[in-house]
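My questions will all concern the structure given below.
The values are calculated or read from the model by the stated rules, or taken from the named source; none is laboratory data. Model, not experiment: these values are computed from the prediction. A quick note on method: Cβ atoms are made from the backbone with ideal geometry, for glycine too, and the neighbour counts reach across all protein chains shown. Accessible surface is based on the protein model in full, side chains and every heavy atom, while ligands, DNA and RNA are left aside. Shrake-Rupley method; radii C 1.70, N 1.55, O 1.52, S 1.80 Å.
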Amino acid sequence: MNPEFHRIKRLPPYVFEEVNRMKAAARAAGEDIIDLGMGNPDTPTPQHIVDKLVETVQDGRTHRYSTSRGIPGLRKANAAYYKRRFGVDIDPETETIATLGSKEGLANLAMAITTPGDVILSPNPSYPIHPYGFIIAGAVVRHFEVGPDIDFFEALERGMQHCIPTPTCLILNFPSNPTAMTVDLAFYAKVVDYAKKHGMYILSDLAYAEIYFGDEKPPSILQVEGARDIAVEFTSLSKTYSMPGWRMGFATGNKKLIAALTRIKSYLDYGAFTPIQVAATAALNGPQDCVQEARDMYRVRRDVMISGMAAAGWPIPSPEATMFAWAPIPEPFKEMKSLEFSKLLLQEAKVAVAPGLGFGEHGDGFVRIAIVENEQRIRQACRNVKKFMADADKHLAAFKSR
């Protein structure tokens, strides 16, 4: 037997695992670790959504197999969301499908539409499933660098150069995980024109559509005229309604891509548990004050973290959206790589962050900080970092002597 598995060989070691092991060991030893690493919402799901789940699960008829494309009421609820939020009319029968979170939807669509050897364009840094969903499916990934000081279209054009064959897909993610960058509708219009010119589909991850802090709401690419000719968009209830463990999201847009995803999912799963789908319908159709409350909470946490880290000697750009800050490695430690810095921060400051390398090589000068602890814990993290920064010379000397 061949001891190697082709798809597994194409996956690099999981960068976050080393930090996760250290974090687990420290906690097992009784240390108080403030975990700002994983983007895992720490607040409970709103009560009216939980109540609907409990009510529905009492009906034994809902315990049977569901449908992988999503129950009709849920797809209609997502169409209604697109209408009221973006002014976009969606056909719930042909233009949207329920997914087990945006991550599963993107990975299975990649499997559905990829021929081995296809080339796709993926931003770097990016959320790992964006490139690796396609790598697992057998594609070749061509990266292009993105960041606050980088011209997106110049970088995209450089990524296109010398691509043989022509890329089949372009991946977008705004508001971005991990960089927290945002874009406007004019940006999407330009991207749609570019993709049509080059004969590419667009897969847009809009998981953070509702976690924004300014007056401008993040737009949908489907607001652009003609975008549905080539684009599909992934959304999620995980962050919007604090439902990460419920695993509920959507793919919406181009009918051909939705049909491909529908077909492959029909072979792979029976969809989410029906009571979860019913509760998700209640989330989308019900009162939305809980969404504003989540935005307000993350805004306060962001401000506490940004001001506290600045006072600690670590200036970090304030994000306009998402639950993350994309933090340059602070000056005394600039020569360190992101994994080394993350391990040192965990060991000495008892604060866990995500090394930027985990999101691609162009993220190695940064760490991602998730605001998933309460204000008191974030202030404690800032105090710990302040002490850590004050002892920077000692920590650097110890690191260099290893």
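Hey, with R₀ at 35 Å, roughly what FRET efficiency would Ser318 and Ala80 work out to, going by the Cβ-Cβ distance, to 0.05?
0.60
Follow-up. How much length is gained on full extension from Asn40 to Ser266, taking 0.36 nm per residue of separation minus their Cα-Cα distance?
Gain on stretching Asn40 to Ser266: 78.5 nm.
Something else now. Identify which of Gly101, Gly363, Gly226 has the largest mean-square fluctuation in a Gaussian network model of the chain, with springs joining Cα atoms closer than 10 Å.
Among Gly101, Gly363, Gly226, the largest mean-square fluctuation in the Gaussian network model of the chain belongs to Gly226.
Using DSSP to define loop residues, name the trypsin sites (Lys or Arg not before Pro) in segment 242-334 whose beta-carbon has at most 14 other beta-carbon atoms within 10 Å.
Within segment 242-334, the qualifying trypsin sites (Lys or Arg not before Pro) (loop, at most 14 other Cβ atoms within 10 Å) are Lys334.
How much FRET efficiency would the formula 1/(1 + (r/R0)^6) give for Glu93 and His198, where r is the Cβ-Cβ distance and R0 is 41 Å, rounded to 0.05?
0.85
What is the Rg over Rh value, at two decimals, for segment 33-147, using alpha-carbon atoms and the Kirkwood definition of Rh?
Result for segment 33-147 is an Rg/Rh of 1.05.
For the pairs Lys190/Lys255; Lys217/Lys343; Lys9/Lys265, flag any whose C-alpha to C-alpha distance is greater than 32 Å.
As for pairs spanning more than 32 Å Cα to Cα, those are Lys217/Lys343.
Over the Cα atoms of segment 236-275, what radius of gyration and what Dmax do you get, in Å?
Just the Cα atoms of segment 236-275 yield Rg and Dmax of 11.9, 31 Å.
For segment 147-254, report the convex hull volume of the alpha-carbon atoms normalised per residue, in Å³, without decimals.
Enclosed volume per residue, from the Cα hull, is 116 Å³.
Given the whole protein assembly as supplied and a 1.4 Å probe, what does the accessible area of His362 come to in Å², nearest 10?
70
How far, in nm, would the chain grow between Glu225 and Asp59 when pulled straight, counting 0.36 nm per residue and subtracting the alpha carbon separation?
Contour length minus the Cα-Cα distance gives 55.4 nm.
Calculate how many DSSP beta bridges within the chain are antiparallel, expressed in % of all such bridges and rounded to the nearest 5.
Just about 45 percent of them are antiparallel.
Same structure again: Keeping all protein chains in place and using 1.4 angstrom, which order do Met38, Met248 fall into by accessible surface area, from largest down?
Met38, Met248
Quick check: with the 1.4 Å probe, what order do Met336, Met181 take by accessible area, largest first?
Listed by decreasing accessible area, they come as Met181, Met336.
What percent do you get for the relative contact order of the chain when only Cα pairs under 8 Å and 6+ apart count?
Here the relative contact order equals 24 percent.
What ranking of Glu373, Glu361, Glu18 comes out by heavy-atom accessible area, probe 1.4 Å, highest first?
Glu361, Glu18, Glu373
Angle between the Cα long axis of helix 274-285 and the longest principal axis of the chain, 0 to 90 degrees, nearest 10?
The angle comes out at about 80 degrees.
Given a cut-off of under 8 Å on Cα pairs at least six residues apart, what relative contact order in percent is computed for segment 100-253?
Across segment 100-253, relative contact order equals 23 percent.
Additional query: Rounded to the nearest 0.05, what FRET efficiency do Asp393 and Lys190 have when you use their Cβ-Cβ distance and R0 = 41 Å?
0.30
Continuing with this model, one more query. Could you calculate, for the chain, the ratio of the Cα radius of gyration to the Kirkwood radius, expressed as Rg to Rh?
Radius of gyration over Kirkwood radius for the chain works out to 0.97.
Oh, and also: Packing-wise, with mean Cβ within 10 Å as the measure, how do 144-156, 188-200 rank, highest first?
Peptide ranking by packing, descending: 188-200, 144-156.
At 222 nm, what value in deg cm²/dmol follows for the chain if DSSP H runs of at least 4 each add -39500 (n - 2.57) and the sum is divided by all its residues, to the nearest 500?
So the calculated ellipticity at 222 nm is -13500 deg cm²/dmol.
In segment 166-236, which GluC sites (Glu not before Pro) fall in coil by DSSP and have 13 or fewer other Cβ atoms within 10 Å?
Sparse-neighbourhood loop GluC sites (Glu not before Pro): Glu216, Glu225.
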